[in-house]
Each structure stands twice: as C-alpha cells, then as structure tokens.
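Take a look at the structure set out below.
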Amino acid sequence: MKQKKVSMKIVNTHCAGIDVGSRSHYVAIGQMDSEVREFGVYAQDLRELCDWLKTNGIKSAALESTGSYWQNLYVELINSGIQVVLTSGRFTKNMNRKKTDVRDCQWIQKLHSLALLPSSFLPDSSTEKLRTLCRHRANMIDLKADASHKMQKFLKLLNFRLDVVVRDVTGLTGLKIIEDICKGILNPEELSKNRHYNCRKSQNDIAKALVSNERDDYIFGLKQEFERHQFYLQQIEKCDQKITEFLNQLLKSSTPKEPEEKSYKRSNKNSINGMDLNKVAFQYFQGVDLYQIPGVSHSTILSIMSEIGPEGFTKFPSAKHFASWLRLAPNNKISGGKTLSNRIPKGSSRLKIALRNAANAVGNLKESDLGRFFTKTAFKKGRQAAITATARKIAVILWNMITKNEQYHPKTTYIFLDE
C-alpha cells in the first residue's frame, strides 16, 4: 500500500529558528544542514547574526525564552526590524529525535513556519524597567529578612529572649538593643533603657529577658548579621529613591488627579518610603482607582504596575484570557463529553502570588462583597480553593477596570480596616 503524505500550509515563508545558548546561538533558515549557522554571544556576533538573516530575506524569527540568554539577542533582532516570536520551551519539545543544537534550531524553524509556536507575553519598555527595579527591591527585602532571621537565631543562642518581650525584633526597640549588644553593652538594665514608649512590656520585663551567657562567637555572628541587615536597609532606601524618580519622570506629562483618601488601607514597613502610591497608581492607570478593591494593598498595586502595566492588559482579548494566562482558571480536560480533570495549572508568577495574597487578605476582612464570596467558596471547597477563586475574581475585576476605564462599584461600601 502506498504511503500517504500529509502536507501543512506554510504560514511564515521567510522565517528562522534560533536555539539560544549560553556560549553560542544556532540559527536555521531552512531544513538543510547548509542552512544552519552558529554564532557567538558577543555584541559583534549578534550584529553578524542579524545581518545574515536580513541578507537571506528573513522577516521573522522564533527563539526559546531560555534563562536570560535570549534578552540581548531579542533586543538586537527587534532593532534590526525582524519580527520576533518568543516562546516557552515546552512548546518546542521534540521527543522522537536525537537532540542536538542543529536539530533543535531546525525544529523551531519548522514549527514557526507552520505558525505552531505561541508568543509569550512581554511588557512594554517602561514597564520592563520598572519591573527590573521592583524585582531587585524585592530581592533586597528577602535578603534583609534572611539577616533578620539570623539575628534572631544568634539572640536565642545568647539567651537574649528579645522575641518574647517585643513584637518585632527589627523594630525601634529591638534594633537599638541589638546595636548596643554589638557595641559590647551586655548589662540588662542598660539595654532595657532602649525601650520605646510604645512598647507593651515594661522596662523591668525587658531587662529580665536580656540576661545572656556572653559567648564571644555568638556576639561576633550577631554583629555581622546586624551589619548585613543595616546594609540591606540602605540598599532598599536607594531602590525606593530610584523607583520614585522613575515614576515621577514617567508621570511628569500626565494631568495630576487626586483619588479618594483611604484610611482603611494600611502600609507596612516594606512599603516604598516618600511616595503616595495611592496617588501614583491613580495617575499611572489614567484615573482608575484600583485601591477601591478590597484586599488590594500597596504591594499588590506595585506588582500590577511593574509586572504587566496598563498597556499589558490590552494584549489579552478578554478577562478569561487574562485569568488563564495567570493560571488562575481551571484547565478543563474533556473527553467523550465527560470532564476528566479541571485542576488549576501549576506555576506561579509574581503577579499571581500578589493576587493570591490579596485574596487571602479578603478572607480576613470583616465585611465586603468579595469577602462574602470568599466565605461561601471556603465553606464549600475549603480555604485554598477560595483563595484561588477570589484571586481569579480580582483578576477579572482588574481587567475590566483598566481596559474599560471603569471604577470599582461594589454593592456595599467597605469602611473597615484592612488586616
């Protein structure tokens, strides 16, 4: 019996496939071995790569988002006028052939010519710059928290039970006491004089908790962790200044607008100092007040501004597409008319984590429309399912507010303090 051949329509006729690597990039403009070339990763090599593609009449190229190796190549291709399709590696898997760099780039070129590679979401340039600053700031906060945990460990080893008498070891009272300990002051009465007037425990109670074993090795470790904590505080302050300058420069041409004051929205010690994010976000999203949504805090707004931006919402045709991109919508698998599975896909982006934190805060609120939805869902399916469902609802609200330039209109006015 004669074997049949299945032909597929070529959509992208003049296209290339690029296998991105740490030391070299393999580029295929066809399926023949003579149509594959290897280029280095230096700036001159990237320019040669783009010139070779333009010489052969290539109009579009597809590449995998492998680590951070693709970023410089992506910028060079865009500047050369070549359309770029950045796709995830899970869409380019070829399981039936031996894996080599040459075959990988040829396979990417073949899939791209048939228009089988979906493009990943990429924010605009201003949002990307803000995202770099905010992610770097978040990393500094994590490192500061690590230093704080190490300080608490050394305090316990020294038998300084500061964590029992103060609510926050890195608060006003705690940091002054730790600073004096690093200076060599170990007298409990002297250390207890650093008590802030707002501290709940008395000076005598604090003195009882500050009797130590005075081990030199633990004091040395505490001193180094305290210096590391102070260093990251300075770095975070510099990040705050840079973010404030960037946003002020970005919003310089916009008309200043004043949103409603929200005394029930509290900021914590990790909020950006010297900037009213309520006013900045109101101008950034062109008069849309996202702070009206219950559970949405300063960190949530900052994540929305830096991870997707106002223009990023318009890249999704509907709120369902946006929720699916966030992996907050069930991945329904249906066969024979029956639903085999409807689980939430794995994977958590920074924006998804921020929306889930906002949804968790909604579950702790006293009274709100979203809070009633959260309580009803939690009663039926549990708290984890309620967090995911409420996060998806917040994502839908965000998409509708920003793309349609609408305000949040709850059925009942929320006047309680956010926890």
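The values are calculated or read from the model by the stated rules, or taken from the named source; none is laboratory data. Worth saying up front: this structure is predicted, and the values here are computed from it rather than measured. No Cβ is skipped: glycine too gets one built from the backbone with ideal geometry, and neighbour counts run over all protein chains shown. Accessible surface is based on the protein model in full, side chains and every heavy atom, while ligands, DNA and RNA are left aside. Shrake-Rupley method; radii C 1.70, N 1.55, O 1.52, S 1.80 Å.
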Anything in the range 32-65 that is part of a helix (DSSP H, G or I) and open to solvent by 30 Å² or more (accessible area, probe 1.4 Å)? List them, or say none. D33, S34, E35, A43, Q44, D45, R47, E48, D51, W52, K54, T55
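Matching residues to (1) within 36 Å of the chain's Cα centre (by Cα); (2) over 18 Å from D146 (Cα atoms); (3) open to solvent by 20 Å² or more (accessible area, probe 1.4 Å); (4) of a type outside the set (F, W, Y):
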position	(1), (2), (3), (4)
K176	yes, yes, yes, yes
K183	no, yes, yes, yes
N204	no, yes, yes, yes
R228	yes, no, yes, yes
K242	yes, yes, yes, yes
Please determine whether any residue of the range 68-83 is at pLDDT below 90, closer than 30 Å to Q241 by Cα and loosely packed, with under 14 Cβ neighbours inside 10 Å. yes
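Across the range 180-216, what is the number of residues that are small (G, A, S) and within 14 Å of V164 (Cα to Cα)?
Result for the range 180-216: 4.
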State yes or no: is Y218 over 30 Å from A361 (Cα atoms) and crowded, with 17+ Cβ neighbours inside 10 Å? yes
Any idea which residue in the range 96-134 is nearest to N270 (Cα to Cα), counting only those that are of a type in the set (D, E, K, R) and not in a helix (DSSP H, G or I)? D124
Which of (1) within 27 Å of S24 (Cβ to Cβ); (2) open to solvent by 80 Å² or more (accessible area, probe 1.4 Å) does W107 not meet, given it meets every other one? (2)
Taking only the range 273-289 into account, find how many residues are surrounded by fewer than 16 Cβ atoms within 10 Å (Cβ to Cβ) and touching a Lys or Arg at 6+ places or on another chain (Cβ under 7 Å). 1
Of the residues in the range 135-170 that are in contact (Cβ under 8 Å) with a residue 24 or more places away in the chain, part of a loop (DSSP other than H, G, I, E, B) and of a type outside the set (S, T, N, Q), the one that is most open to solvent (accessible area, probe 1.4 Å) is R167
Pick from the range 376-415, criterion farther than 17 Å from L326 by Cβ, without any contact (Cβ under 8 Å) to a residue 60 or more places away in the chain and hydrophobic (A, V, I, L, M, F, W, C), ranking: surrounded by the most Cβ atoms within 10 Å (Cβ to Cβ): A378
